[in-house]
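Here is the structure we will look at.
The values are calculated or read from the model by the stated rules, or taken from the named source; none is laboratory data. All of these numbers come straight from a predicted model, not from anything done at the bench. A quick note on method: Cβ atoms are made from the backbone with ideal geometry, for glycine too, and the neighbour counts reach across all protein chains shown.
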Amino acid sequence: MSYSVRVQIQSFRVFCDLAETESFTKAAQINGITQSAVSQQVSSLERQLKCLLIERSKKRFRLTHEGRLLYEGGKQIIQTYDGLLNKLQEAHDVVAGSIRVATIYSIGLHNLPPYVKRFLKNFLTVTVHIEYQRANQVYEDVLGNVVDLGLVAYPNKDPRLEIIPFREESMALICHPGHPFAKLKSIQVAQLQGQRFIGFEHDIPTRRAMDRILREQEIEVKMVMEFDNIETVKRAVEIEAGVAVVPVGTVAQEVAKQTLVAVPFSKAIPERPLAVIYRRSKVLSPAMKRFIEMLKEPA
């Protein structure tokens, strides 16, 4: 394929990313270029096509009629081109390129590392870029094509997304070693009644799932602190601010160091489902497919 054709496809790709994100900053981030370069590529397309593609207004981003036509046609060209490249790689058993992953903190810090280490060892020609985000930002980045794959808990059904379950995690109560619960071999949800509780913020799926469990069993706790990630929840429990319910695997180090105690529930509460998400229209490269396959394997 000639250099000029590759450049044109890249220009289409940048324009389509801009049309979808409605942001010069995000389009630049996705393509690893500057905002100025995005603007220059759009201007170059407008000169070639002799029409305006974007209405220049500071109030809002809007495609012109011609811009919408270019977006729809350019998207088809990009998908066809990416699909062809992927088929050629698969035909020659080539696994190369880069994978952009957005993950919630708990998965990224505790579930993902051994998989990434194994994947990079097996596929030396692949690079994996990982971003740690709140759940709502992971969905936004996947739908906006800022990243290729997202890793979330309690995945939301969305007709625009493919959802690939890859693990379910057991939940446990964690407390300071000096807390009365630390002496128990197991605990019932009813025993949380009136306890000082450390939770995730309201919009985090794991918090919503825990609220539902407490509500169904008519248990009321005293929510004393709320955080947006697992690490600060654990630190709050370590200073005896209260107890919390978290995935067992996220406290393995603290339990080993005896800074926290994890008490299993006598009657298991629903496990936390983890999933890979990606845009339904996404053409997965061989590297992305292998990465998803590896996540389904034991750690």
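Taken over segment 129-148, the residue count meeting the criterion of being in contact with a Leu (Cβ under 9 Å, 6 or more places away or on another chain) and either among the β-branched types (V, I, T) or surrounded by 20 or more Cβ atoms within 10 Å (Cβ to Cβ) (or both) is 5. Within segment 167-183, residues that are touching a residue at least 40 places away in the same chain (Cβ under 8 Å) reach partners that are among the β-branched types (V, I, T) and assigned to a loop (DSSP other than H, G, I, E, B) with beta carbons closer than 7 Å, at six or more positions or on different chains, in the pairs M171/I269. Considering (1) among the acidic types (D, E); (2) without any contact (Cβ under 8 Å) to a residue 24 or more places away in the chain; (3) surrounded by 15 or more Cβ atoms within 10 Å (Cβ to Cβ), the lone condition that E218 does not fulfil carries the number (3).
Restricting segment 123-151 to residues that are within 19 Å of R290 (Cα to Cα) and touching a residue at least 60 places away in the same chain (Cβ under 8 Å), the residue that is farthest from the chain's Cα centre (by Cα) is F123. Checking each residue in segment 1-59 for being modelled with pLDDT of 90 or more and in a loop (DSSP other than H, G, I, E, B) picks out I33, T34, K50, C51, L52, L53. Just to be sure, is T34 of a type in the set (S, T, Y) and either under 21 Å from R280 (Cα atoms) or surrounded by 14 or more Cβ atoms within 10 Å (Cβ to Cβ) (or both)? So T34 fails the test.
Please tell me if Y105 is in the same structural domain as A19 (by TED's automatic domain parsing) and either touching a residue at least 12 places away in the same chain (Cβ under 8 Å) or among the aromatic types (F, W, Y) (or both). When the stated conditions are applied, Y105 does not pass them. Suppose the filter is farther than 24 Å from K282 by Cα, of a type outside the set (V, I, T) and modelled with pLDDT of 90 or more; does L109 pass it? Yes; evaluated as a whole, the condition is true for this residue. Just checking: which of the strands (runs of 3 or more DSSP E) contained wholly in segment 170-256 hold 1 or more residues that are of a type outside the set (A, V, I, L, M, F, W, C)? Ranges flagged: 196-200, 222-227, 244-247.
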